[in-house]
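The values are calculated or read from the model by the stated rules, or taken from the named source; none is laboratory data. Values in this document were obtained by computation on a predicted structure and should not be read as measured data. FYI the Cβ positions are ideal-geometry reconstructions off the backbone, even for glycines, and counts take in every protein chain you see.
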Amino acid sequence: MLTKGAIALVLGLAAGSVSAASFDCSKASGFAETEICRDGYLSGVDGVLDRTYKKAVAASSNPEGLRQSQRQWLQIRNQCQDQKCLDKALGSRIQELERIASDERVLAMHAREEREAAQRRAADAERERQAAALANQQRQSAQMAQRTPPQASTLPAVRPGGTKAQQESNPVATWFINGPGWKYTLVLGLLLSIWAVVRHHRGSATIYSDYTDALITNALPALGIVTAAVCKWLEMPGVVSVFSVIAGFVLAITYAIYATVKNNRGGLSIFLTLMAKLTLITVFYVVIGMLIASLFNGGARRKGESQARFESRMRRQGKATMALITALSAAYTALTAWVCRNPKFTPVGECLEFNRVPALT
């Protein structure tokens, strides 16, 4: 049953590639080579065998011994006088080469772990040696201080709590980044955004005046990111790319403030509308950025997972992530269009004209 399963696997691999023997069929001699060149199935299996052999040689710590083993196996293969014998010989050799490659990978992993353990032991020993030397130096300094008459010290006293004070110099930032602060801010922003949307649809506030207003506000950060990517591709200094991204978001915030003040009256309407714009844009770009970053993260192989299954899983996850990015972008576009006062595009010049709207009732 194991042999049949291996042959089925070989058939699946051979079906996805062009069937070609691993040697020049014009120079084929003997029944085995002639039959492999004649039969497409055997030719595909022989191609899989050749690739597996090359991988095993590349991973082997004794490639010359593996080559000698391959030459001995070729002599056994050449003794076959029918297709069944060739099929069995090729399948068993593929299994043997895969086992050899797997064993070599395990040995290489163990050797790497042993080297890392040796490096850690050496580092621990060096730290212990340095600690002992420092303790000895401090002991000698203390003995010399006992023999020396006390003198007035001119050095400023070192405050023992200085390091801790430096670590806690900005507790607000630590609470916001590492604590629940960002969660509270997100919930508050979403609640204010819902309030702004309700007021928008009641006619007492305007989030976006039209499609052009929404497009400018949401496209400026994307324009900054695209500009940064182009600058990086042109191998410009990294500060140029960072400046491009910051400039895109700063321009978006500036225009959002301008458009909000232009299209609304009253401090409450201006505040709620501005918070809704900033919250929705920030959440959208952060989520999309995290999803795009996950596409390049690569992930790690699970325990016992083959390379082929790992690559297949990565492809599935990549397709699912791309589908999620597309769905979120479409949903965000629909939401943005829904909170536009006038469902139409207007000239950019009209969006930039500062004509305050009359008081909304």
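Looking at Ala293, Ala252, Ala256, can you tell me which residue is farther than 21 Å from Tyr211 by Cβ, assigned to a helix (DSSP H, G or I) and of a type in the set (Gly, Ala, Ser)?
Working: Ala252 fails: farther than 21 Å from Tyr211 by Cβ; Ala256 fails: farther than 21 Å from Tyr211 by Cβ.
Ala293 is the lone residue from the list that is farther than 21 Å from Tyr211 by Cβ, assigned to a helix (DSSP H, G or I) and of a type in the set (Gly, Ala, Ser).
When the stretch 295-337 is examined, which residues are found to be surrounded by fewer than 12 Cβ atoms within 10 Å (Cβ to Cβ) and hydrophobic (A, V, I, L, M, F, W, C)?
Within the stretch 295-337, Phe296, Ala300, Ala308, Ala320, Ala323, Ala327, Ala330, Ala331, Ala334 meet the criteria.
Give me the pairs: first residue in the stretch 224-247 and outside the structural domain of Thr282 (by TED's automatic domain parsing) and among the basic types (Lys, Arg), second residue surrounded by 13 or more Cβ atoms within 10 Å (Cβ to Cβ) and in a helix (DSSP H, G or I), beta-carbon distance under 7 Å, and six or more apart or on different chains, which are they?
Close Cβ pairs satisfying both conditions: none exist.
I need the full set of residues from the stretch 195-232 which are of a type in the set (Phe, Trp, Tyr) and under 22 Å from Glu353 (Cβ atoms), in order please. Even if it seems obvious, please write down each step before you answer.
Looking only at the stretch 195-232, we keep the residues that are of a type in the set (Phe, Trp, Tyr), and these are 195, 208, 211.
Correct list: Tyr208, Tyr211.
Would you check which residues across the stretch 237-254 are in contact with a helix residue (DSSP H, G or I) (Cβ under 6 Å, 6 or more places away or on another chain) and not polar (S, T, N, Q) and list them?
So the first thing to find is which residues in the stretch 237-254 are in contact with a helix residue (DSSP H, G or I) (Cβ under 6 Å, 6 or more places away or on another chain), and the list is 240-241, 244-245, 247-249, 251-252.
Result: Val240, Val245, Ala247, Gly248, Phe249, Leu251, Ala252.
So how many residues does the stretch 231-250 have that are β-branched (Val, Ile, Thr) and farther than 19 Å from Ala293 by Cβ? Even if it seems obvious, please write down each step before you answer.
Of all residues in the stretch 231-250, those β-branched (Val, Ile, Thr) come to 239-240, 242, 245-246, 250.
Checking the rest, the ones that are also farther than 19 Å from Ala293 by Cβ come to 239-240, 250.
Result for the stretch 231-250: 3.
Restricted to the stretch 310-354, and to residues that are within 18 Å of Asn218 (Cβ to Cβ) and of a type in the set (Ser, Thr, Tyr), which residue is modelled with the lowest pLDDT?
Thr346
Need the failing condition index for Ala256 against (1) in contact with a Lys or Arg (Cβ under 7 Å, 6 or more places away or on another chain); (2) within 22 Å of Leu186 (Cα to Cα); (3) in contact (Cβ under 8 Å) with a residue 60 or more places away in the chain; (4) not acidic (Asp, Glu), just the number.
Here Ala256 meets the rest and fails (3).
For Asn297, all conditions in the list (1) more than 38 Å from the chain's Cα centre (by Cα); (2) without any contact (Cβ under 8 Å) to a residue 12 or more places away in the chain hold save one; what is the number of the exception?
(1)
May I ask you to list the residues in the stretch 97-131 that are within 31 Å of the chain's Cα centre (by Cα) and among the β-branched types (Val, Ile, Thr)?
The one that is within 31 Å of the chain's Cα centre (by Cα) and among the β-branched types (Val, Ile, Thr): Val106.
Within the bounds of the stretch 146-167, is there any residue that is in contact with a Phe, Trp or Tyr (Cβ under 8 Å, 6 or more places away or on another chain) and either outside any loop (DSSP other than H, G, I, E, B) or at pLDDT 90 or above (or both)?
Of the stretch 146-167, the ones in contact with a Phe, Trp or Tyr (Cβ under 8 Å, 6 or more places away or on another chain) are none.
No, because not a single residue in the stretch 146-167 is in contact with a Phe, Trp or Tyr (Cβ under 8 Å, 6 or more places away or on another chain) and either outside any loop (DSSP other than H, G, I, E, B) or at pLDDT 90 or above (or both).
Residue by residue through the stretch 197-211, note down the ones that are part of a helix (DSSP H, G or I) and touching a strand residue (DSSP E or B) at 6+ places or on another chain (Cβ under 9 Å).
Step one: filter the stretch 197-211 for residues part of a helix (DSSP H, G or I), giving 197-202, 211.
Hits for the stretch 197-211 are His200, Tyr211.
Within the stretch 30-65, how many residues are under 38 Å from the mean Cα position of the chain (by Cα) and in a helix (DSSP H, G or I)? Steps first, answer last, please.
Let us first name the residues in the stretch 30-65 that are under 38 Å from the mean Cα position of the chain (by Cα), namely 44-63.
Those left that are additionally in a helix (DSSP H, G or I): 44-59, 63.
Number of matching residues: 17.
Taking the stated definitions as given, is Val250 modelled with pLDDT of 90 or more, within 30 Å of Met314 (Cα to Cα) and either surrounded by fewer than 20 Cβ atoms within 10 Å (Cβ to Cβ) or of a type in the set (Lys, Arg) (or both)? Spell out the reasoning first.
Working: modelled with pLDDT of 90 or more: yes; within 30 Å of Met314 (Cα to Cα): no; either surrounded by fewer than 20 Cβ atoms within 10 Å (Cβ to Cβ) or of a type in the set (Lys, Arg) (or both): yes.
Here the answer is no, as Val250 does not meet what is asked.
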